[in-house]
């Protein structure tokens, strides 16, 4: 299931259905956590044992040093929507389940292996405690764009944009349909009807950015 984003009719022709983008449906993921002492030595030992040290914080409760299996975390960490996914974390010592979102991920070179991760506890009442979430921008039908067919270039100006989330579900991506774009045409954030409760956050004076645009090469 996906939530359809409807574009306004102000910038170029729309596709056959009038849809210019999609919000991918959110699938809740599960990770099992183990507790650990908050020391550098324990972090090194976790990494040697195939685990990623980290921290669970927020929610007006004490921070909890934790670790998660390297093999469990790696497939999620490679996803473009890692930071806007809600995880159900199985707490250590049978303490229950906590919903949380990733906030920091450090990786070790050269293999980009996760070396440290933090999770922010997700509030039960988003309307009272809205959260900032980055949502990635993805493009479909680039090869159908008249501007691209004419030898021009589709420029992705922003890979992500930050949003204030007041209610679920959180879109895992904004998928922009570039199939109708000619030279110098683009899709702005205001061209997309976002789900209710998902509000863009301005970057300085930039509140309505062009997300993608067809430009001349060179």
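Starting from residues that are in contact with a helix residue (DSSP H, G or I) (Cβ under 7 Å, 6 or more places away or on another chain) and assigned to a loop (DSSP other than H, G, I, E, B), keep the ones in region 186-210 and report whichever is surrounded by the most Cβ atoms within 10 Å (Cβ to Cβ). Lay out the reasoning, then the answer.
Keep residues of region 186-210 that are in contact with a helix residue (DSSP H, G or I) (Cβ under 7 Å, 6 or more places away or on another chain), which gives 200, 208-209.
Narrowing the set further to residues that are assigned to a loop (DSSP other than H, G, I, E, B) leaves 208-209.
Numbers: 208: 10, 209: 15.
The residue in question is 209.
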Do the conditions hold for residue 125, that is, is it more than 14 Å from the chain's Cα centre (by Cα) and within 18 Å of residue 86 (Cα to Cα)? yes
Would you mind stating whether residue 148 is part of a helix (DSSP H, G or I) and in contact with a helix residue (DSSP H, G or I) (Cβ under 9 Å, 6 or more places away or on another chain)? yes
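It is to be established whether one or more residues within region 133-142 are over 17 Å from residue 201 (Cα atoms), part of a loop (DSSP other than H, G, I, E, B) and either in contact with a helix residue (DSSP H, G or I) (Cβ under 7 Å, 6 or more places away or on another chain) or not assigned by TED's automatic domain parsing to the domain that holds residue 74 (or both). Even if it seems obvious, please write down each step before you answer.
Initially, region 133-142 is screened for residues over 17 Å from residue 201 (Cα atoms), giving 138-142.
After this cut, where a residue has to be part of a loop (DSSP other than H, G, I, E, B) as well, the list is 141.
Add one more test, that the residue is either in contact with a helix residue (DSSP H, G or I) (Cβ under 7 Å, 6 or more places away or on another chain) or not assigned by TED's automatic domain parsing to the domain that holds residue 74 (or both), and what stays is 141.
The answer is yes; a qualifying residue exists.
Which one of 14, 91, 33 is surrounded by fewer than 19 Cβ atoms within 10 Å (Cβ to Cβ) and at pLDDT 95 or above? Working first, answer last.
On the way: 14 fails: at pLDDT 95 or above; 33 fails: surrounded by fewer than 19 Cβ atoms within 10 Å (Cβ to Cβ).
Step by step, each of 14, 91, 33 is checked, and only 91 is surrounded by fewer than 19 Cβ atoms within 10 Å (Cβ to Cβ) and at pLDDT 95 or above.
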I'd like to check something: does region 160-167 contain any residue that is under 14 Å from the mean Cα position of the chain (by Cα), surrounded by fewer than 19 Cβ atoms within 10 Å (Cβ to Cβ) and under 30 Å from residue 50 (Cα atoms)? no
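The values are calculated or read from the model by the stated rules, or taken from the named source; none is laboratory data. This one's a predicted model, so the numbers in the text were calculated from it and none came from an experiment. We place every Cβ from the backbone using ideal geometry, glycine too, and count neighbours over all the protein chains shown.
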